[in-house]
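I have placed the structure first, in the form of structure tokens, so that the comments after it can refer back to it.
The values are calculated or read from the model by the stated rules, or taken from the named source; none is laboratory data. Just so it is clear, the structure is predicted and the values come from calculations on it, not from any experiment. Positions of Cβ are backbone-derived with ideal geometry, glycine not excepted, and every protein chain shown enters the neighbour counts. SASA here: full protein model, heavy atoms, side chains in, ligands and nucleic acids out. Shrake-Rupley method; radii C 1.70, N 1.55, O 1.52, S 1.80 Å.
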Amino acid sequence: MDNSDTYLLNFKGYNFERSNVDIDFLENLDDFEIRDDDVFIITYPKSGTIWTQQILSLIYFEGHRNGTETVDTLDRIPFFELNIRKVDFLKRPSPRIFASHLPYYLVPKALKNKKAKIIYIYRNPKDVLVSFFHFSNLVVTLKAADSIEHFMERFLNGKVVGSLWFDHIRGWYEHRHDFNILFMMFEEMKKDLRSSVLKMSSFLEKELNEEDLETIVKRATFQNMKSDPRANCEKILKHEIGKRTNDSFFLRKGTIGDWKNHFTVEQNERFDRVFQRKMKNIPLKFIWDINEE
Ligand SMILES: Nc1ncnc2c1ncn2[C@@H]1O[C@H](COP(=O)(O)OS(=O)(=O)O)[C@@H](OP(=O)(O)O)[C@H]1O
């Protein structure tokens, strides 16, 4: 039996991590006051959130870029709906940048009315599943799964934080052409970080000179983020969430296709069957393997 309900809080059909949200905040999400120059990074969990937080911190905050600033990325770009390093959003100077895992239907009304900008990052769901499996086994407030088999069962039934991946992508896919939304793929960032940073900065209307661009690309690589204590988010987990082992939490491997090291042939076939059924009307391109074009 899966007791996942004890750590999940289902609010209006979407699963939050019970220990990390404030029900009053959720009740008032719709009317949250959005500013024109707010920016939201929105993802399904394990799809490149902290990577994009790092990139936007570097684009927006010069001190972050030249290494003179001591503020952690997470304080620069806080999680919107999670109680991690909670700050008073109303007192925050503009431009405010938030990270969020909200599904489209739950975001504040003003965002749906196209006030402010949104960068939505998606990742191939097999790698999302693997990343999520490892993360769940490290964070004490999430429920560990003893095997990929067990976690896949949960993932394909939406019994995880973030609910069903297929629902999340569908909701955002339908709005991918909205002028205030930039719809991007994790694998595209991995394959060409420079072009991805340029795409983001151009969407955000933040012009970068060649030197800044070089610095940002360098500081947003997996290895450099992993060794940067302001970017790797290790502190929040050690001090604010808790941990099971000494493994790295967020920056685990950062690769494309790690699912191949985890799925059996049967598990992969099972996943593909569900994927084909659920994604029938969503002709999105995915990169499943690093060698794919
Ligand atoms: N710079 C860079 N390059 C490549 N990959 C990166 C980078 N930064 C983060 N990551 C990978 O993103 C995965 C974590 O996703 P999230 O940040 O969305 O996690 S969370 O939802 O906020 O908990 C997690 O994926 P896995 O390594 O596959 O577990 C991270 O390693």
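What the table below lists for this structure:
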read-out: Total charge dipole magnitude, the chain, about the Cα centre, Cβ charges on Lys, Arg, Asp, Glu only, Debye to nearest 20; value: 280 debye
read-out: Rotationally averaged projected area of segment 246-293 (alpha carbon convex hull; nm²); value: 4.8 nm²
read-out: Helical mean residue ellipticity (222 nm; -39500 (n - 2.57) per DSSP H run of 4+; nearest 500) of the chain; value: -10000 deg cm²/dmol
read-out: FRET efficiency, 1/(1 + (r/R0)^6) with R0 22 Å, evaluated for Lys12 and Asp75 via beta carbons; value: 0.15
read-out: Using a Förster distance of 35 Å, the FRET efficiency for Asn261-Lys109 (Cβ separation, nearest 0.05); value: 0.25
read-out: Global geometry of the chain, whether rounded, prolate or oblate, following the gyration tensor of its Cα atoms and the 1.5 cut on a/c; value: rounded
read-out: Carbon/sulfur fraction of accessible area - the chain, other protein chains in place, 1.4 Å, %; value: 49 percent
read-out: Estimated dipole of segment 9-126 in Debye, rounded to 20 [Cβ of Lys and Arg +1, of Asp and Glu -1, Cα centre]; value: 460 debye
read-out: Contour excess over end-to-end distance, with Cα ends at Val87 and Arg194 and 0.36 nm allotted per residue; value: 35.4 nm
read-out: Accessible surface, per residue, of the chain when the full set of protein chains is kept, probe 1.4 Å, Å²; value: 45 Å²
read-out: Gain in span if fully extended, Glu153 to Asn28, counting 0.36 nm per residue against the direct Cα distance; value: 41.8 nm
read-out: Inter-probe distance in nm under a simple model that places probes 7 Å from Cα toward Cβ, at Phe61 and Lys280; value: 4.7 nm
read-out: Relative contact order for the chain, counting Cα pairs under 8 Å that sit 6 or more residues apart, in percent; value: 23 percent
read-out: Residue-count net charge about Arg170 - beta-carbon cut-off 14 Å; Lys, Arg +1, Asp, Glu -1; value: +2
read-out: Segment 143-293 shape via C-alpha gyration tensor axes, a/c threshold 1.5; value: oblate
read-out: Förster radius 41 Å - calculated FRET efficiency between Phe222 and Phe179, Cβ distance, rounded to 0.05; value: 0.85
